Amino acid sequence: MEFSILADSFNKMESTRKRLELTQFLVELFEKTPDEVISKIVYLLQGKLRPDFEGIELGVAEKLAIRAISKSSGISIKKIEDEYRKEGDLGHAAAIILEKKTQTTFLVEDITVERVYETLFKIAKLEGTRSQDMKIKYISSLLNDASSLEASYILKILLGALRLGIAENTVMDALAIAFSGNRDNRKILEYAYNVSSDLGKVAETIATKGLEGIKKFKVILFNPIRPMLADRVKSEEEAIEKMGNNFAAEYKLDGERVQIHVEGEKVVLFSRSLENISNYYPDIIEKIPKAIQADNVILEAEAVAINENTGDFLPFQELMHRRRKYKIEKAVTQYPITVNFFDILYCNGKTCLELDYKDRRKKLEKIVKEDDFVKYIPMTIVKNNNEIKDFLENSINEGSEGLMLKMLDKPYQAGSRGSNWLKLKREYQNELGDSLDLVVIGGFFGKGRRTGSYGTLLLASYDEDEDIFTSICKVGTGFSDEDLDQLYQILNPKVTIKKNPRIDSEMEADVWFEPELVIEIVASEITISPIHKAAKDRIRKDAGLALRFPKFTGKIRLEKAVEDASTNEEIITLYKGQKKVAHDRNLI
Ligand code: ATP
């Protein structure tokens, strides 16, 4: 398939944010796409080459892309950088530069989707000392043969800067329309996606085997399932209102969610965002097979750092020591964990998703044997306010964050956040209620003791409608020296020459980062702000919302994608909730 067809579609899609229009463009694209390429097209639409869990990272640094453009065009790096500064988008800058050049060169080889995809794949796989040069060679060979529009999209994909704002649901809508003639069939596609986490495979299946093929989708071992998520409640009363008077309460442990796939001695671990995290937990890999009494299983657990002497749970950030590439063996002994199981999703070749919670829990306790390392998450059945309060208090005393409340007779709803699971955290019971997960977009150099690190960070919330990150506050408190060091290590490689176009901020920072990191913040209040852009115009015209007295909680949320950060809708709800509390107390 000619790459120009895809580049034209990208171009159209970039010009709109309207979901119906985007869906229509996608339907038109899918109808032109041969079956063998449709999965590739679906991955590329999302700026990927394969589903996330396969861990194939495309990311090419801007500097390298600039060198490749220079090689292909014969134009100096300095000139390209100037054009880039002017345009604010390297893809567009390259298009302008190559436009001038292609007038004098002959096209050598056709650019097809297959060729672009395979070249990108080779680039992603390259490692080692000579890899930089090879990458430049591959990129410039594509750019040589590409039209300026094609080149601009090749670069955007390579830089991870293709932002079409297409939600997975929109892709599924379009697939349902293009291949079954009915948007309502999206529900069937959703199930297939939730159990496979692979939208490319869903697309290929509906294109080649129709809805019948999609209905046959099953849970597959070593292929992660999209996690079930919980709604939040603020009080025991609200929980009872939503769940009745007979449900399960489990400790909400403050660790990392791990989906554990086991068959014999083979163990693979996936994070909440479905990344393969097996490397960080060699202890789980080694010890789990002995605790399992089944041929194969998929289990869910919370890995929690513990104090070796007392067995007490330690806060989440202790686990971050395991995120080091090297010295992981040392981290394993220095920062021991327990693995606390709370669900079973698959067992002996069969899915368990359709089983009720109570049957899944029973099965879990039959299949998994407890020992020093392997535990079940503490659970009890609660019937009234007092029983919930008691259990909440116990859980907090033992170092957990609160409770997860679960309906006894409901299945596991992969990939959805609903009210069959509720979370009740201690913090929700005070005023602002929740902590927020915010995206780090900018940094300010530290002074004094903080020289050599970013003493203050500029943070953003996520605007789901626009798929952008809107500034909400600067934060400079709550950081230990160790936090500052660690943040510097993580953030330094994310510094960009130009502010990423997905960042919406009037406030200037010393440096801008690629929006890739989420950290947790508490604050005393949400206020109207003339400067910040979060929820702009939603509460008051020409003003946004900002956080007052924000403080870092110590949690760097490496397991969260930036699209999982607190959204402007959530901020608005919290803002309104805080007004209501003040009103109820006659403060306003
Ligand atoms: P949070 O920011 O509160 O961690 P989240 O957005 O990551 O929330 P939620 O569905 O809102 O996800 O909350 C569930 C999370 O709590 C899970 O992802 C898991 O890591 C953790 N957790 C701790 N204990 C449990 C439990 N008993 N059952 C399910 N999840 C648990």
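The values are calculated or read from the model by the stated rules, or taken from the named source; none is laboratory data. All values reported here derive from a predicted model rather than from experimental measurement. Here the Cβ is made from the backbone with ideal geometry for all residues, glycine too, and neighbour counts use every protein chain on show. Remember, those area values only see protein heavy atoms, side chains included, never the ligands or the DNA or RNA. Shrake-Rupley method; radii C 1.70, N 1.55, O 1.52, S 1.80 Å.
Among the chymotrypsin sites (Phe, Trp or Tyr not before Pro) in the stretch 212-280, those placed in a DSSP loop whose Cβ has at most 16 other Cβ atoms within 10 Å are 222.
Gyration tensor analysis over the Cα atoms of the chain returns equivalent ellipsoid semi-axes of 40, 30, 25 Å (largest first, whole Å).
Projection of the Cα convex hull of the stretch 436-587, averaged over all directions and equal to a quarter of that hull's surface, yields 9.2 nm².
Counting only protein heavy atoms and a probe of 1.4 Å, the accessible surface of the stretch 337-397 is 46% carbon and sulfur. With contacts taken as Cα pairs under 8 Å at a separation of at least 6 residues, the stretch 48-159 carries a relative contact order of 42 percent.
In this Cβ point-charge picture (+1 for Lys and Arg, -1 for Asp and Glu), the chain has a dipole of about 600 debye about its Cα centre. Using only Cα coordinates, the Kirkwood hydrodynamic radius of the stretch 229-425 works out to 17.3 Å. Here the average projected area of the convex hull drawn through the C-alpha atoms of the stretch 48-159 stands at 6.9 nm². Taken over the stretch 347-497, the ratio of Cα radius of gyration to 2.2 N^0.38 Å equals 1.45. Our summary gives the stretch 436-587 a relative contact order of 27 percent, counting only alpha carbon pairs under 8 angstrom and 6 or more residues apart.
Scanning the chain for trypsin sites (Lys or Arg not before Pro) lying in DSSP loops with no more than 11 further Cβ atoms inside 10 Å, the longest uninterrupted stretch between such sites is 19-129.
For the stretch 188-277, the alpha-carbon radius of gyration amounts to 1.43 times the rule-of-thumb value 2.2 N^0.38 Å expected for a compact globular protein.
The base-10 log of I(q)/I(0) for the stretch 356-415, evaluated at q = 0.15, 0.20, 0.21 Å⁻¹, reads -0.58, -0.97, -1.03 [Debye formula, identical scatterers on Cα atoms, solvent excluded]. For the stretch 304-391, chymotrypsin sites (Phe, Trp or Tyr not before Pro) are listed when DSSP marks them as loop and at most 15 other Cβ atoms sit within 10 Å of their Cβ; the list is 326. Of the GluC sites (Glu not before Pro) found in the stretch 253-344, those that fall in a DSSP loop while having at most 14 other beta-carbon atoms within 10 Å are 265, 308. Using heavy atoms of the protein chains and a probe of 1.4 Å, the accessible area assigned to residue 321 is about 30 Å². Per residue, the solvent-accessible area of the stretch 31-96 (1.4 Å probe, heavy atoms of protein chains only, all protein chains present) comes to 46 Å². What the stretch 252-402 shows is 47 Å² of accessible area per residue, with the surface traced by a 1.4 Å probe over protein heavy atoms. Counting every alpha-carbon pair across the stretch 310-367, the share separated by more than 12 Å comes to 73%.
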